[in-house]
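The structure appears right after this line, and notes come after that.
The values are calculated or read from the model by the stated rules, or taken from the named source; none is laboratory data. Quick caveat, the model's predicted, so the values are computed rather than measured. Here the Cβ positions follow ideal geometry from the backbone for every residue, glycine too, while neighbour counts run over all protein chains shown.
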Amino acid sequence: MAEIIVVTSGKGGVGKTTSSAAIATGLAQRGKRTVVIDFDVGLRNLDLIMGVERRVVFDIVNVISGEARLNQALIKDKRVDTLSILPASQTRDKDALTKEGVGKIIEELSKDHDFIVCDSPAGIEKGALLALYFADQAIVVTNPEVSSVRDSDRILGVLQSKSKRAEDKREPVREHLLVTRYDPVRVEKGEMLKLEDIREILAIPLLGVIPESESVLKASNTGNPVIMDQESAAGQAYKDAVGRFLGEKIEHRFLEPSKKGLFSRLFGGRAA
Amino acid sequence: MSWLADLFKGRKPEPQTASNAKERLQIVLAHERIGRTREDFLPKLQMEIVAVVARYVAIDPGRVNVSLDRGGDMSTLAIEIDLPGPPANTGRRAAAG
(Lines give C-alpha, C1' and ligand atoms only; values in the text may rest on other atoms or scores of the structure.)
Protein backbone atom coordinates (compact mmCIF):
# COMPACT_ATOMS: atom_id res chain seq x y z
CA MET A 1 0.00 0.00 0.00
CA ALA A 2 1.28 3.41 -0.95
CA GLU A 3 1.31 6.39 1.34
CA ILE A 4 -0.72 9.23 -0.19
CA ILE A 5 0.65 12.75 0.31
CA VAL A 6 -1.12 15.94 -0.70
CA VAL A 7 0.87 19.12 -1.21
CA THR A 8 -1.58 21.91 -0.59
CA SER A 9 -1.85 25.55 0.58
CA GLY A 10 -5.13 27.22 -0.29
CA LYS A 11 -3.32 30.23 -1.67
CA GLY A 12 -1.77 30.18 -5.13
CA GLY A 13 1.81 30.97 -6.02
CA VAL A 14 3.36 29.87 -2.72
CA GLY A 15 5.34 26.98 -4.18
CA LYS A 16 3.09 23.91 -4.23
CA THR A 17 4.24 22.65 -7.60
CA THR A 18 7.91 23.46 -6.90
CA SER A 19 7.60 21.59 -3.59
CA SER A 20 5.69 18.64 -5.09
CA ALA A 21 8.35 18.23 -7.76
CA ALA A 22 11.21 18.56 -5.27
CA ILE A 23 9.75 16.23 -2.66
CA ALA A 24 8.62 13.58 -5.14
CA THR A 25 12.06 13.64 -6.76
CA GLY A 26 13.73 13.51 -3.34
CA LEU A 27 11.68 10.49 -2.26
CA ALA A 28 12.47 8.73 -5.54
CA GLN A 29 16.19 9.51 -5.13
CA ARG A 30 15.99 7.67 -1.84
CA GLY A 31 14.81 4.62 -3.73
CA LYS A 32 11.11 5.00 -2.97
CA ARG A 33 8.81 4.17 -5.86
CA THR A 34 7.09 7.51 -6.29
CA VAL A 35 4.46 8.99 -8.58
CA VAL A 36 3.52 12.66 -8.60
CA ILE A 37 0.06 13.64 -9.88
CA ASP A 38 -0.93 17.09 -11.14
CA PHE A 39 -4.49 17.89 -10.02
CA ASP A 40 -4.60 21.32 -11.62
CA VAL A 41 -6.84 20.50 -14.57
CA GLY A 42 -6.83 23.35 -17.08
CA LEU A 43 -3.71 24.97 -15.63
CA ARG A 44 -1.18 22.18 -15.59
CA ASN A 45 2.38 23.13 -14.79
CA LEU A 46 3.96 20.18 -13.02
CA ASP A 47 5.03 18.87 -16.44
CA LEU A 48 7.06 22.05 -17.03
CA ILE A 49 8.63 22.07 -13.58
CA MET A 50 9.57 18.41 -14.01
CA GLY A 51 10.83 19.07 -17.54
CA VAL A 52 8.57 16.49 -19.20
CA GLU A 53 6.23 18.86 -21.05
CA ARG A 54 7.22 17.52 -24.45
CA ARG A 55 6.52 13.95 -23.47
CA VAL A 56 2.89 14.39 -22.41
CA VAL A 57 0.60 12.25 -24.57
CA PHE A 58 -2.27 11.28 -22.29
CA ASP A 59 -3.34 12.80 -18.98
CA ILE A 60 -5.36 12.02 -15.86
CA VAL A 61 -8.66 12.97 -17.52
CA ASN A 62 -8.01 10.61 -20.43
CA VAL A 63 -7.49 7.82 -17.89
CA ILE A 64 -10.64 8.65 -15.93
CA SER A 65 -12.75 8.79 -19.07
CA GLY A 66 -11.31 5.48 -20.31
CA GLU A 67 -9.59 6.97 -23.37
CA ALA A 68 -6.18 5.76 -22.19
CA ARG A 69 -4.79 3.22 -19.79
CA LEU A 70 -2.98 4.46 -16.71
CA ASN A 71 0.35 3.05 -17.94
CA GLN A 72 0.05 5.04 -21.15
CA ALA A 73 -0.44 8.31 -19.28
CA LEU A 74 2.37 7.83 -16.75
CA ILE A 75 5.61 9.49 -17.79
CA LYS A 76 8.77 7.78 -16.54
CA ASP A 77 11.35 10.27 -15.31
CA LYS A 78 14.66 10.00 -17.17
CA ARG A 79 16.80 11.20 -14.25
CA VAL A 80 15.44 9.05 -11.42
CA ASP A 81 14.14 5.65 -12.42
CA THR A 82 11.80 5.19 -9.47
CA LEU A 83 9.87 8.35 -10.35
CA SER A 84 6.93 8.92 -12.65
CA ILE A 85 4.59 11.80 -13.41
CA LEU A 86 0.87 11.78 -14.15
CA PRO A 87 0.02 15.07 -15.86
CA ALA A 88 -3.22 17.02 -15.62
CA SER A 89 -5.32 17.81 -18.64
CA GLN A 90 -4.80 21.20 -20.18
CA THR A 91 -7.92 21.35 -22.32
CA ARG A 92 -10.70 19.80 -20.26
CA ASP A 93 -12.58 21.54 -17.51
CA LYS A 94 -12.34 20.71 -13.83
CA ASP A 95 -15.58 18.74 -13.81
CA ALA A 96 -13.82 16.00 -15.71
CA LEU A 97 -12.25 14.91 -12.39
CA THR A 98 -14.52 12.68 -10.33
CA LYS A 99 -14.07 11.17 -6.90
CA GLU A 100 -14.64 7.67 -8.29
CA GLY A 101 -12.22 8.21 -11.16
CA VAL A 102 -9.47 9.60 -8.95
CA GLY A 103 -10.11 6.87 -6.38
CA LYS A 104 -9.59 4.16 -8.99
CA ILE A 105 -6.35 5.70 -10.24
CA ILE A 106 -4.97 6.01 -6.71
CA GLU A 107 -5.97 2.45 -5.90
CA GLU A 108 -4.20 1.15 -8.98
CA LEU A 109 -1.08 3.26 -8.34
CA SER A 110 -1.02 2.09 -4.72
CA LYS A 111 -0.24 -1.45 -5.82
CA ASP A 112 3.22 -0.73 -7.14
CA HIS A 113 4.29 2.55 -5.49
CA ASP A 114 5.53 3.59 -2.06
CA PHE A 115 4.44 7.21 -2.33
CA ILE A 116 1.75 9.03 -4.31
CA VAL A 117 2.31 12.79 -4.21
CA CYS A 118 -0.76 14.84 -5.13
CA ASP A 119 0.03 18.38 -6.33
CA SER A 120 -3.09 20.37 -5.44
CA PRO A 121 -4.38 23.38 -7.36
CA ALA A 122 -4.92 26.60 -5.44
CA GLY A 123 -8.29 27.36 -3.88
CA ILE A 124 -10.76 25.12 -2.10
CA GLU A 125 -12.79 24.09 -5.14
CA LYS A 126 -13.26 20.66 -6.62
CA GLY A 127 -9.69 20.07 -7.85
CA ALA A 128 -8.19 21.00 -4.49
CA LEU A 129 -10.77 18.95 -2.58
CA LEU A 130 -10.09 15.88 -4.73
CA ALA A 131 -6.33 16.29 -4.35
CA LEU A 132 -6.62 16.12 -0.56
CA TYR A 133 -9.54 13.70 -0.29
CA PHE A 134 -7.54 10.45 -0.30
CA ALA A 135 -4.53 11.81 1.60
CA ASP A 136 -2.81 10.06 4.50
CA GLN A 137 -0.44 12.97 4.99
CA ALA A 138 -0.57 16.63 4.03
CA ILE A 139 2.29 19.01 3.37
CA VAL A 140 0.94 22.53 3.85
CA VAL A 141 3.08 25.01 1.92
CA THR A 142 3.09 28.45 3.53
CA ASN A 143 4.86 31.74 2.80
CA PRO A 144 5.75 34.08 5.69
CA GLU A 145 2.95 36.42 4.70
CA VAL A 146 -0.51 37.11 6.17
CA SER A 147 -2.70 35.90 3.30
CA SER A 148 -0.76 32.68 2.92
CA VAL A 149 -0.89 31.86 6.65
CA ARG A 150 -4.62 32.54 6.77
CA ASP A 151 -5.28 30.32 3.74
CA SER A 152 -3.13 27.56 5.22
CA ASP A 153 -5.23 27.68 8.37
CA ARG A 154 -8.34 27.41 6.23
CA ILE A 155 -7.01 24.42 4.30
CA LEU A 156 -6.13 22.70 7.61
CA GLY A 157 -9.79 23.05 8.55
CA VAL A 158 -10.78 21.48 5.23
CA LEU A 159 -8.35 18.58 5.77
CA GLN A 160 -9.90 17.95 9.17
CA SER A 161 -13.46 17.94 7.88
CA LYS A 162 -13.55 16.97 4.19
CA SER A 163 -10.84 14.35 3.72
CA LYS A 164 -11.76 10.69 3.39
CA ARG A 165 -10.05 9.98 6.70
CA ALA A 166 -12.27 12.57 8.36
CA GLU A 167 -15.37 11.19 6.69
CA ASP A 168 -14.52 7.62 7.69
CA LYS A 169 -13.68 8.84 11.23
CA ARG A 170 -10.26 7.26 10.98
CA GLU A 171 -7.03 8.62 12.37
CA PRO A 172 -6.74 12.17 10.96
CA VAL A 173 -4.50 13.20 8.07
CA ARG A 174 -0.95 13.81 9.35
CA GLU A 175 -0.13 17.46 8.79
CA HIS A 176 3.29 18.95 8.04
CA LEU A 177 4.23 22.61 7.71
CA LEU A 178 6.59 23.58 4.90
CA VAL A 179 7.56 27.24 4.98
CA THR A 180 8.86 28.47 1.63
CA ARG A 181 10.39 31.72 0.39
CA TYR A 182 11.76 32.42 3.84
CA ASP A 183 14.11 35.40 3.91
CA PRO A 184 16.13 35.53 7.16
CA VAL A 185 17.45 38.99 6.34
CA ARG A 186 13.97 40.48 6.14
CA VAL A 187 12.94 38.50 9.23
CA GLU A 188 15.84 40.01 11.15
CA LYS A 189 14.74 43.47 10.07
CA GLY A 190 11.25 42.80 11.38
CA GLU A 191 9.72 43.01 7.92
CA MET A 192 8.73 39.38 7.62
CA LEU A 193 6.85 36.98 9.89
CA LYS A 194 9.24 34.89 11.97
CA LEU A 195 9.26 31.13 11.68
CA GLU A 196 8.26 30.88 15.36
CA ASP A 197 5.24 33.11 14.71
CA ILE A 198 4.01 30.95 11.84
CA ARG A 199 4.53 27.81 13.90
CA GLU A 200 2.70 29.31 16.85
CA ILE A 201 -0.27 30.36 14.72
CA LEU A 202 -0.68 27.20 12.63
CA ALA A 203 0.47 24.82 15.38
CA ILE A 204 1.40 21.84 13.21
CA PRO A 205 4.75 20.00 13.09
CA LEU A 206 7.43 21.69 10.98
CA LEU A 207 8.78 19.66 8.06
CA GLY A 208 11.13 22.26 6.65
CA VAL A 209 12.00 25.82 5.81
CA ILE A 210 13.01 26.61 2.25
CA PRO A 211 14.92 29.88 1.99
CA GLU A 212 14.11 32.42 -0.70
CA SER A 213 16.55 31.50 -3.41
CA GLU A 214 17.36 32.44 -6.96
CA SER A 215 17.99 28.81 -7.74
CA VAL A 216 14.25 28.04 -7.65
CA LEU A 217 13.59 30.17 -10.73
CA LYS A 218 16.68 28.80 -12.45
CA ALA A 219 15.45 25.28 -11.76
CA SER A 220 12.02 25.96 -13.21
CA ASN A 221 13.58 27.67 -16.24
CA THR A 222 15.36 24.46 -17.12
CA GLY A 223 12.75 21.96 -15.95
CA ASN A 224 14.90 20.40 -13.26
CA PRO A 225 13.37 19.99 -9.80
CA VAL A 226 15.36 22.30 -7.50
CA ILE A 227 16.29 19.39 -5.22
CA MET A 228 18.64 18.22 -7.99
CA ASP A 229 20.67 21.41 -7.47
CA GLN A 230 22.54 20.43 -4.32
CA GLU A 231 24.74 23.50 -4.59
CA SER A 232 21.78 25.70 -3.71
CA ALA A 233 20.38 26.38 -0.27
CA ALA A 234 16.84 25.64 -1.49
CA GLY A 235 17.92 22.29 -2.93
CA GLN A 236 19.64 21.33 0.31
CA ALA A 237 16.67 22.46 2.39
CA TYR A 238 14.32 20.27 0.32
CA LYS A 239 16.68 17.32 0.72
CA ASP A 240 16.63 17.84 4.50
CA ALA A 241 12.83 18.03 4.43
CA VAL A 242 12.61 14.71 2.56
CA GLY A 243 14.92 13.14 5.13
CA ARG A 244 12.72 14.40 7.96
CA PHE A 245 9.64 13.12 6.15
CA LEU A 246 11.23 9.68 6.16
CA GLY A 247 11.73 9.96 9.91
CA GLU A 248 15.33 11.15 10.13
CA LYS A 249 16.39 13.69 12.70
CA ILE A 250 17.87 16.60 10.77
CA GLU A 251 18.42 20.01 12.22
CA HIS A 252 16.83 22.99 10.47
CA ARG A 253 19.19 25.18 8.46
CA PHE A 254 19.08 28.51 6.64
CA LEU A 255 17.12 30.20 9.44
CA GLU A 256 19.69 32.94 10.04
CA PRO A 257 21.14 35.43 7.58
CA SER A 258 24.30 33.99 6.07
CA LYS A 259 27.33 35.61 7.57
CA LYS A 260 28.92 37.60 4.85
CA GLY A 261 32.16 39.54 4.88
CA LEU A 262 32.26 43.30 4.67
CA PHE A 263 33.14 43.11 1.00
CA SER A 264 30.04 41.22 -0.08
CA ARG A 265 27.88 43.32 2.24
CA LEU A 266 29.08 46.43 0.50
CA PHE A 267 28.94 45.11 -3.02
CA GLY A 268 25.78 43.03 -2.83
CA GLY A 269 25.71 39.50 -4.06
CA ARG A 270 22.76 37.38 -2.99
CA ALA A 271 22.27 33.89 -1.71
CA ALA A 272 22.37 31.22 -4.37
CA MET B 1 24.51 47.59 15.34
CA SER B 2 21.48 48.64 13.37
CA TRP B 3 21.44 52.08 15.03
CA LEU B 4 24.87 52.57 13.56
CA ALA B 5 23.65 51.73 10.07
CA ASP B 6 20.70 54.02 10.58
CA LEU B 7 22.99 56.81 11.68
CA PHE B 8 24.97 56.46 8.51
CA LYS B 9 21.90 56.33 6.30
CA GLY B 10 20.51 59.23 8.23
CA ARG B 11 17.01 57.91 8.73
CA LYS B 12 14.84 56.59 11.50
CA PRO B 13 14.44 52.84 11.90
CA GLU B 14 11.36 51.54 10.11
CA PRO B 15 8.53 50.18 12.23
CA GLN B 16 8.57 46.43 12.60
CA THR B 17 5.62 45.39 10.46
CA ALA B 18 6.05 41.66 11.11
CA SER B 19 4.68 41.89 14.65
CA ASN B 20 1.68 43.73 13.25
CA ALA B 21 1.13 40.86 10.83
CA LYS B 22 1.24 38.31 13.62
CA GLU B 23 -1.23 40.18 15.78
CA ARG B 24 -3.72 40.65 12.94
CA LEU B 25 -3.46 37.01 11.96
CA GLN B 26 -4.03 35.78 15.48
CA ILE B 27 -7.21 37.80 15.80
CA VAL B 28 -8.71 36.97 12.42
CA LEU B 29 -7.92 33.26 12.77
CA ALA B 30 -9.35 33.05 16.27
CA HIS B 31 -12.65 34.22 14.82
CA GLU B 32 -12.49 32.09 11.70
CA ARG B 33 -11.77 28.95 13.67
CA ILE B 34 -14.93 29.48 15.71
CA GLY B 35 -16.89 30.04 12.52
CA ARG B 36 -15.77 26.67 11.23
CA THR B 37 -17.83 24.73 13.70
CA ARG B 38 -20.73 27.12 13.93
CA GLU B 39 -22.68 28.86 11.23
CA ASP B 40 -22.16 32.57 10.80
CA PHE B 41 -24.95 34.02 12.88
CA LEU B 42 -24.09 37.69 12.49
CA PRO B 43 -26.10 38.55 9.35
CA LYS B 44 -29.18 36.93 10.89
CA LEU B 45 -28.63 38.66 14.24
CA GLN B 46 -28.43 42.02 12.51
CA MET B 47 -31.59 41.40 10.49
CA GLU B 48 -33.54 40.35 13.55
CA ILE B 49 -32.45 43.31 15.67
CA VAL B 50 -33.39 45.73 12.91
CA ALA B 51 -36.72 43.95 12.48
CA VAL B 52 -37.49 44.29 16.20
CA VAL B 53 -36.73 48.02 16.16
CA ALA B 54 -38.84 48.44 13.04
CA ARG B 55 -41.77 46.90 14.86
CA TYR B 56 -41.85 49.84 17.25
CA VAL B 57 -40.35 52.70 15.29
CA ALA B 58 -40.76 53.55 11.64
CA ILE B 59 -37.23 53.33 10.27
CA ASP B 60 -35.69 53.73 6.88
CA PRO B 61 -33.86 50.46 6.09
CA GLY B 62 -31.38 52.46 4.02
CA ARG B 63 -30.30 54.36 7.13
CA VAL B 64 -29.18 51.45 9.22
CA ASN B 65 -25.47 51.23 9.79
CA VAL B 66 -23.91 48.06 11.08
CA SER B 67 -20.28 47.88 12.08
CA LEU B 68 -18.27 45.12 13.59
CA ASP B 69 -14.86 45.25 15.18
CA ARG B 70 -13.33 41.88 15.90
CA GLY B 71 -10.78 42.29 18.62
CA GLY B 72 -8.53 39.90 20.47
CA ASP B 73 -10.22 40.05 23.88
CA MET B 74 -13.49 41.67 22.92
CA SER B 75 -15.53 42.24 19.80
CA THR B 76 -18.06 45.01 19.37
CA LEU B 77 -21.09 44.93 17.15
CA ALA B 78 -22.56 48.40 16.69
CA ILE B 79 -25.92 48.87 15.05
CA GLU B 80 -26.73 52.47 14.33
CA ILE B 81 -30.31 53.16 13.33
CA ASP B 82 -31.41 56.64 12.32
CA LEU B 83 -34.71 57.29 14.02
CA PRO B 84 -36.84 59.74 12.05
CA GLY B 85 -37.89 62.99 13.82
CA PRO B 86 -41.49 63.82 14.55
CA PRO B 87 -43.55 63.24 11.43
CA ALA B 88 -44.04 66.34 9.26
CA ASN B 89 -47.42 65.10 8.13
CA THR B 90 -49.65 62.15 8.69
CA GLY B 91 -49.15 60.86 5.16
CA ARG B 92 -45.55 59.87 5.87
CA ARG B 93 -46.48 58.07 9.02
CA ALA B 94 -49.00 55.97 7.22
CA ALA B 95 -46.51 55.05 4.57
CA ALA B 96 -43.95 54.05 7.13
CA GLY B 97 -46.36 52.02 9.21
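Can you tell me which of A:108, A:145, A:125, A:212 is touching a strand residue (DSSP E or B) at 6+ places or on another chain (Cβ under 7 Å), in contact (Cβ under 8 Å) with a residue 24 or more places away in the chain and either away from chain B (no Cβ under 14 Å) or under 28 Å from residue B:35 (Cα atoms) (or both)? Quick ask: steps written out before the conclusion?
On the way: A:108 fails: touching a strand residue (DSSP E or B) at 6+ places or on another chain (Cβ under 7 Å); A:145 fails: touching a strand residue (DSSP E or B) at 6+ places or on another chain (Cβ under 7 Å); A:125 fails: touching a strand residue (DSSP E or B) at 6+ places or on another chain (Cβ under 7 Å).
From the options A:108, A:145, A:125, A:212, the qualifying one is A:212.
Would you pick out the residues in the stretch B:1-20 that are within 11 Å of chain A (Cβ to nearest Cβ), modelled with pLDDT under 80 and either within 29 Å of the chain's Cα centre (by Cα) or more than 15 Å from residue A:190 (Cα to Cα) (or both)?
Across the stretch B:1-20, the qualifying residues are B:5, B:15.
Residues being assigned to a helix (DSSP H, G or I) and free of Cβ contacts under 8 Å to residues at least 40 places away in the same chain: count how many of those fall in the stretch A:244-261. Spell out how you get there, then give the answer.
The initial filter retains those residues of the stretch A:244-261 that are assigned to a helix (DSSP H, G or I), namely A:244-245.
Now drop any that are not free of Cβ contacts under 8 Å to residues at least 40 places away in the same chain, which leaves A:244.
So the count comes out to 1.
What residue, of B:39, B:23, B:48, B:80, is modelled with pLDDT under 85 and acidic (Asp, Glu)? Spell out the reasoning first.
Details: B:23 fails: modelled with pLDDT under 85; B:48 fails: modelled with pLDDT under 85; B:80 fails: modelled with pLDDT under 85.
Being modelled with pLDDT under 85 and acidic (Asp, Glu) holds for just one of B:39, B:23, B:48, B:80, which is B:39.
Tell me yes or no: at least one residue of the stretch A:225-242 is part of a loop (DSSP other than H, G, I, E, B), aliphatic (A, V, I, L, M), in contact (Cβ under 8 Å) with a residue 24 or more places away in the chain and over 21 Å from residue A:80 (Cβ atoms).
Here is the first cut: in the stretch A:225-242, the ones part of a loop (DSSP other than H, G, I, E, B) are A:225, A:229-232.
Of the ones still in play, those that are also aliphatic (A, V, I, L, M) are none.
No, the stretch A:225-242 contains no residue that is part of a loop (DSSP other than H, G, I, E, B), aliphatic (A, V, I, L, M), in contact (Cβ under 8 Å) with a residue 24 or more places away in the chain and over 21 Å from residue A:80 (Cβ atoms).
Within the stretch A:177-201, track down each residue that is touching a strand residue (DSSP E or B) at 6+ places or on another chain (Cβ under 9 Å) and either among the polar types (S, T, N, Q) or surrounded by fewer than 21 Cβ atoms within 10 Å (Cβ to Cβ) (or both).
If the condition is that a residue be touching a strand residue (DSSP E or B) at 6+ places or on another chain (Cβ under 9 Å) and either among the polar types (S, T, N, Q) or surrounded by fewer than 21 Cβ atoms within 10 Å (Cβ to Cβ) (or both), then A:180, A:183, A:184, A:195, A:199 are the ones that fit.
So that you can scan it fast, the table gives a plain yes or no per residue for (1) away from chain B (no Cβ under 13 Å); (2) in a loop (DSSP other than H, G, I, E, B):
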site: A:150; (1), (2): no, no
site: A:161; (1), (2): no, no
site: A:185; (1), (2): no, no
site: A:192; (1), (2): no, yes
site: A:196; (1), (2): no, no
site: A:199; (1), (2): no, no
site: A:221; (1), (2): yes, no
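Of a type in the set (S, T, N, Q), part of a strand (DSSP E or B) and more than 9 Å from chain B (Cβ to nearest Cβ) - does that describe any residue in the stretch A:152-159? Walk me through how you get there before you give the answer.
Going residue by residue through the stretch A:152-159, those that are of a type in the set (S, T, N, Q) are A:152.
Still in the running and part of a strand (DSSP E or B): none.
No; the residues of the stretch A:152-159 include none that is of a type in the set (S, T, N, Q), part of a strand (DSSP E or B) and more than 9 Å from chain B (Cβ to nearest Cβ).
Quick check, is residue A:7 closer than 16 Å to residue A:119 by Cα, within 19 Å of the chain's Cα centre (by Cα) and in contact (Cβ under 8 Å) with a residue 40 or more places away in the chain?
yes
Would you mention how many residues in the stretch A:100-122 are in a loop (DSSP other than H, G, I, E, B) and touching a helix residue (DSSP H, G or I) at 6+ places or on another chain (Cβ under 9 Å)?
Start the filter on the stretch A:100-122 by keeping residues that are in a loop (DSSP other than H, G, I, E, B), which leaves A:112-114, A:120-122.
Next cut, touching a helix residue (DSSP H, G or I) at 6+ places or on another chain (Cβ under 9 Å) only: A:114, A:120-122.
Looking only at that region, the number is 4.
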